[in-house]
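See structure below.
The values are calculated or read from the model by the stated rules, or taken from the named source; none is laboratory data. Here the structure is a predicted model, which is why all the values come from computation and not from measurement. Because the Cβ atoms are built from the backbone with ideal geometry, glycine has one as well, and the counts that use them run over all protein chains shown.
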Amino acid sequence: MKDRIETILRKSMFYLGKGVESVISHAQNLKQKTFKQIRPEASPIPSIDGILPPEKVRGLIQIGLEKVVLPAVSNFGDKSVLEISDGSAGFAGRIKEGGAAIAVHVNIGRALPDQSIPRGIYEVIGSITALPFEDGFFDIVIANLVTPNQGDISRAIREIARVITFGGGAVIVDLHPFGNFAKKGGLRLRPRESIIRGVEDYYKICKVAGLRLNSVREAFIDETTRQLFETDDEIYSFRLLKDTPLLISLAVERR
């Protein structure tokens, strides 16, 4: 099995190096944003990525991922597991500790490889719409699609479905369709081409891809994220954004 995975990965761009945290977008393209104080008379609720700096949004997303991924999948024993993300692997260590037989991380951003990835985790830089694996190769896929590099989510989910074995499953994480994210600007978090308007859109896409949607989990900006907001301006922003939907995760099974 080890020779098999090494042969497949050798055909792709295989690296073991230093990754760049880029859940929002590639770090080289991020511009320094000035944290704006929101005036009490501003009636519309501001967008999450419009008033918070990138590092603060990354922190919110990381807390949200912990909420929606781990409860959905925890048994990695003797399984082949694929993690997909834009930048560093978020769950590779726990996947390996959980006894996965094969653990692979695909970095779908244009970032550098991740030198901090645990020993025994294979890493490849690739595309979410062209994963370098044969059909049905993995038992479990954890796909963090919270990135402007998501592209066409229909194609992404079809490609995820392709590499899952029949009876296997995946956890697919995306920005919440009802989240208040910027609709304009170069630093916007939600991809311009996003077609998702509600949970029913995910259901339809998964059905076409041959995936059964078993459960949905949500993460909000709530008291569990309160510690990220420290200054007076940040605390005021937290009050404005509290209870705003942040992430949604889909637990799916290949039929």
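Things worth noting here:
- From the list Val141, Val81, the lone residue that is β-branched (Val, Ile, Thr), crowded, with 20+ Cβ neighbours inside 10 Å and touching a Leu at 6+ places or on another chain (Cβ under 7 Å) is Val141.
- Going through (1) surrounded by fewer than 20 Cβ atoms within 10 Å (Cβ to Cβ); (2) at pLDDT below 90; (3) among the β-branched types (Val, Ile, Thr) one by one, Thr165 falls short only on (2).
- Screening region 168-181 for residues that are crowded, with 17+ Cβ neighbours inside 10 Å and not in a strand (DSSP E or B) and picking the one that is modelled with the highest pLDDT gives His176.
- Assessment of region 198-214 against the conditions (closer than 15 Å to Ile63 by Cβ and among the charged types (D, E, K, R)) yields no matching residue.
- Region 182-216, subset among the β-branched types (Val, Ile, Thr) and surrounded by 17 or more Cβ atoms within 10 Å (Cβ to Cβ), residue modelled with the lowest pLDDT: Ile196
- Unmet criterion (only one of (1) at pLDDT below 90; (2) out of contact with any strand residue (DSSP E or B) (no Cβ under 9 Å at 6 or more places or on another chain)) for Pro113: (2)
- Among the residues of region 193-248, those that are under 24 Å from Pro54 (Cβ atoms) and in a loop (DSSP other than H, G, I, E, B) comprise Glu193, Ser194, Ile196, Ile221, Asp222, Phe229, Glu230, Thr231, Lys242, Asp243, Thr244.
- Residue match in region 118-140 (condition: part of a strand (DSSP E or B), in contact (Cβ under 8 Å) with a residue 24 or more places away in the chain, over 20 Å from Phe91 (Cα atoms) and over 16 Å from the mean Cα position of the chain (by Cα)): yes
- Going through (1) among the acidic types (Asp, Glu); (2) buried (at least 18 other Cβ atoms within 10 Å of the Cβ); (3) farther than 21 Å from Lys56 by Cβ one by one, Asp152 falls short only on (2).
- Single match in Gly120, Gly136, Gly98, Gly93 (criterion: surrounded by fewer than 24 Cβ atoms within 10 Å (Cβ to Cβ), farther than 23 Å from Pro54 by Cα and touching a Pro at 6+ places or on another chain (Cβ under 8 Å)): Gly93
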